[in-house]
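First up is the structure itself, then whatever we jot down about it.
The values are calculated or read from the model by the stated rules, or taken from the named source; none is laboratory data. Computed from a predicted model, the values in this text were never measured in an experiment. Methodologically, a virtual Cβ is constructed for each residue, glycine included, from the backbone with ideal geometry; neighbour enumeration extends over all protein chains shown.
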Amino acid sequence: MTVRVRLRRAPLKTPESEDVLAQLLARCALRDEGALERLYRLTAPRLFALALRMLRRRDWAEDVLQDCFLAVWRHAADYRPERGEALAWMAAILRNRALDWLRRVDPETPLEEETFPQPPMDEHPGPLERMLSSAAARALQECLARLQPCQRQAIAFAYYQGLTHEELAQRLGEPLGTVKTWIRRGLEQLRRCLAP
């Protein structure tokens, strides 16, 4: 008789793990390379799964993951625990890098095809999994899909990267008034779509 043993992957999200990730980001802000290495070991598998789901190519996902950790290293001082959990902050950086990659590689890919990634689930879902699996997130995703690509892109940059209207106009290469209009109309449309 053969006995099969099912090995469980240790959950990333434990009560103390969010504090650990936040502390590691704070140490990265002080240029502690050991902290970056530990942060990578703790979060890279989950972030890589997210990149792979979005990009569907291992080589691209590896490149985007590397870009993500370079951005985390450069901007670790910008992380604010009171604004959200560390893993969600890092996932937002990775998602933006992946979207930038897709636009650079294949500018003909319409943004309507974009979906929120679903990382592998475990018995103790982390903050990203809880957010993505919630009904509110699904409703938001459906409403975002109804926006014009330019509106969705401007709102995503403003929300995930905290860019001002001026910074958005520079980044997108569009007039300031145009960017403000995209955001205002996009938010109005989201508000109507999400209203009960």
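Of all residues in segment 132-166, those satisfying the criterion of being in a loop (DSSP other than H, G, I, E, B) and either at negative phi or at pLDDT 85 or above (or both) are S134, L147, Q148, L163, T164.
Run down E123, E113, E129 and say which single residue is modelled with pLDDT under 85 and crowded, with 19+ Cβ neighbours inside 10 Å. Residue meeting the stated conditions: E129. Here is the figure for segment 68-105: residues that are buried (at least 18 other Cβ atoms within 10 Å of the Cβ) and charged (D, E, K, R) total 3. When you go through L39, L47 one by one, which is the residue that is outside the structural domain of L163 (by TED's automatic domain parsing), farther than 20 Å from Q161 by Cα and not charged (D, E, K, R)? It is L39. Pairing each residue of segment 185-196 that is assigned by TED's automatic domain parsing to the domain that holds L140 and within 10 Å of I155 (Cβ to Cβ) with any residue that is aromatic (F, W, Y) and loosely packed, with under 12 Cβ neighbours inside 10 Å, provided the two are 6+ apart or on different chains, yields no C-beta distance under 6 Å.
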